[in-house]
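Novice: One structure follows; several queries about it will come next.
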Amino acid sequence: MYLTRFRLNTARLGARRLLSSPQNLHAAVMSSFAEIPVAADGGPRVLWRIDRNSRAETYLYIVSPDKPDLTHLVEQGGWPETGRWDTYDYEPFLSRLSAGDRLAFRLTANPVHSIRRKDGEPTKVTAHVTQRHQLEWLLQRQERCGFKVVERPAERQLVPGHDEHEVVVHDRRQLSFTKRGQKNPVTLLAVTFDGRLEVTDPDALRHTLTRGVGRAKSYGCGLMTLAEV
């Protein structure tokens, strides 16, 4: 597995076009491989995410079974003369994960649930729109994903009973695009979780980091990354 980071030059029209459409960016990411990786049953897959940091820098992160070549992205939306990307062997980090490790995490996800308005009607997938429900969505998945979000001691809670975990939900984005051959646009809600976690099941967490969390993985959701703190 490989982890790749590439900085987009948002002053360029090509970069802005890519960022305006998750479908176009997905196509650009998959074009980074001579042979498009096909995820075997439950196997590792290509995941990607856009991060915008506090210095107004925009980065593309990719996790993939094969090493990508981002030359076309440099030419289209980077710095053609000086631009580059960084690709790291992800396996040493993944293999070091141990139960009890505490790490910072970032996850951009599409938190949804299925509802049925009337008996007999088919269920409909609907986005969670409040931060409380979005956080509940994440907490419901933490055990099977191999981690638990670190709980904040009572004396450090800004609002006792409502600030129990070391996580922030932010950067809510409504993504909309039209698939080829379809008239109606596809609309997705993406949010970013930043926080601290404790590893509870290293194998399950490795699965999470290389397979993703939730839906809309082709459109920039589902990629969790970790950092030592």
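The values are calculated or read from the model by the stated rules, or taken from the named source; none is laboratory data. If you're wondering where the values come from, they're calculated on a predicted model, not measured in any experiment. As a convention, Cβ positions derive from the backbone with ideal geometry for all residues, glycine included, and neighbour counts pool all protein chains shown.
Novice: Filter the stretch 125-178 down to the residues that are on the phi > 0 side of the Ramachandran plot and surrounded by fewer than 16 Cβ atoms within 10 Å (Cβ to Cβ), then identify the one that is modelled with the highest pLDDT.
Specialist: Applying the first criterion (on the phi > 0 side of the Ramachandran plot) to the stretch 125-178 yields 146, 161, 171.
Applying the additional criterion that residues be surrounded by fewer than 16 Cβ atoms within 10 Å (Cβ to Cβ) yields 161, 171.
On the way: Gly161: 64, Asp171: 86.
By that ranking, first place goes to Asp171.
Novice: Looking at the stretch 94-124, which of its residues are surrounded by 14 or more Cβ atoms within 10 Å (Cβ to Cβ) and either without any contact (Cβ under 8 Å) to a residue 24 or more places away in the chain or of a type in the set (Asp, Glu) (or both)? Before you say what the answer is, go through the steps one by one.
Specialist: If we filter the stretch 94-124 for residues that are surrounded by 14 or more Cβ atoms within 10 Å (Cβ to Cβ), which is where we start, we get 94, 97, 101, 103-113.
The one that is surrounded by 14 or more Cβ atoms within 10 Å (Cβ to Cβ) and either without any contact (Cβ under 8 Å) to a residue 24 or more places away in the chain or of a type in the set (Asp, Glu) (or both): Asp101.
Novice: Next question, about the same structure. For the stretch 179-219, how many residues are at negative phi, at pLDDT below 90 and of a type outside the set (Lys, Arg)?
Specialist: Residues in the stretch 179-219 being at negative phi, at pLDDT below 90 and of a type outside the set (Lys, Arg): 6 in total.
Novice: Kindly check whether there is at least one residue in the stretch 69-83 that is touching a residue at least 40 places away in the same chain (Cβ under 8 Å), surrounded by 11 or more Cβ atoms within 10 Å (Cβ to Cβ) and assigned to a strand (DSSP E or B).
Specialist: no
Novice: So Leu97 passes all but one of these: (1) modelled with pLDDT of 95 or more; (2) within 20 Å of Pro202 (Cα to Cα); (3) within 18 Å of the chain's Cα centre (by Cα). Which condition number does it fail?
Specialist: Against the list (1) modelled with pLDDT of 95 or more; (2) within 20 Å of Pro202 (Cα to Cα); (3) within 18 Å of the chain's Cα centre (by Cα), Leu97 comes up short only on (3).
Novice: Taking the condition of being modelled with pLDDT under 95 and among the acidic types (Asp, Glu), how many residues in the stretch 100-124 meet it?
Specialist: 2
Novice: Might you let me know whether the stretch 44-57 holds any residue that is at pLDDT 95 or above, of a type in the set (D, E, K, R), under 30 Å from Arg152 (Cβ atoms) and assigned to a loop (DSSP other than H, G, I, E, B)? Lay out the reasoning, then the answer.
Specialist: Start the filter on the stretch 44-57 by keeping residues that are at pLDDT 95 or above, which leaves 46-51.
Add one more test, that the residue is of a type in the set (D, E, K, R), and what stays is 49, 51.
Within this subset, residues satisfying the condition of being under 30 Å from Arg152 (Cβ atoms) are 49, 51.
Keeping just the survivors that are assigned to a loop (DSSP other than H, G, I, E, B) gives none.
No, there is no match, as no residue in the stretch 44-57 is at pLDDT 95 or above, of a type in the set (D, E, K, R), under 30 Å from Arg152 (Cβ atoms) and assigned to a loop (DSSP other than H, G, I, E, B).
Novice: Moving on. Restricting attention to the stretch 11-43, and to residues there that are of a type in the set (S, T, N, Q) and farther than 12 Å from Leu73 by Cα, which single residue is surrounded by the fewest Cβ atoms within 10 Å (Cβ to Cβ)?
Specialist: Here is the first cut: in the stretch 11-43, the ones of a type in the set (S, T, N, Q) are 20-21, 23-24, 31-32.
With the extra rule that they be farther than 12 Å from Leu73 by Cα, the set shrinks to 20-21, 23.
Values: Ser20: 12, Ser21: 16, Gln23: 15.
Of everything passing the filter in the stretch 11-43, Ser20 is surrounded by the fewest Cβ atoms within 10 Å (Cβ to Cβ).
Novice: Do any strands (runs of 3 or more DSSP E) entirely within the stretch 113-229 hold 1 or more residues that are within 15 Å of the chain's Cα centre (by Cα), and if so, which? Don't jump to the end; show me each part of the working.
Specialist: Working: elements: 124-127, 147-149, 167-177, 186-199, 224-228.
Per the criteria, 167-177, 186-199, 224-228.
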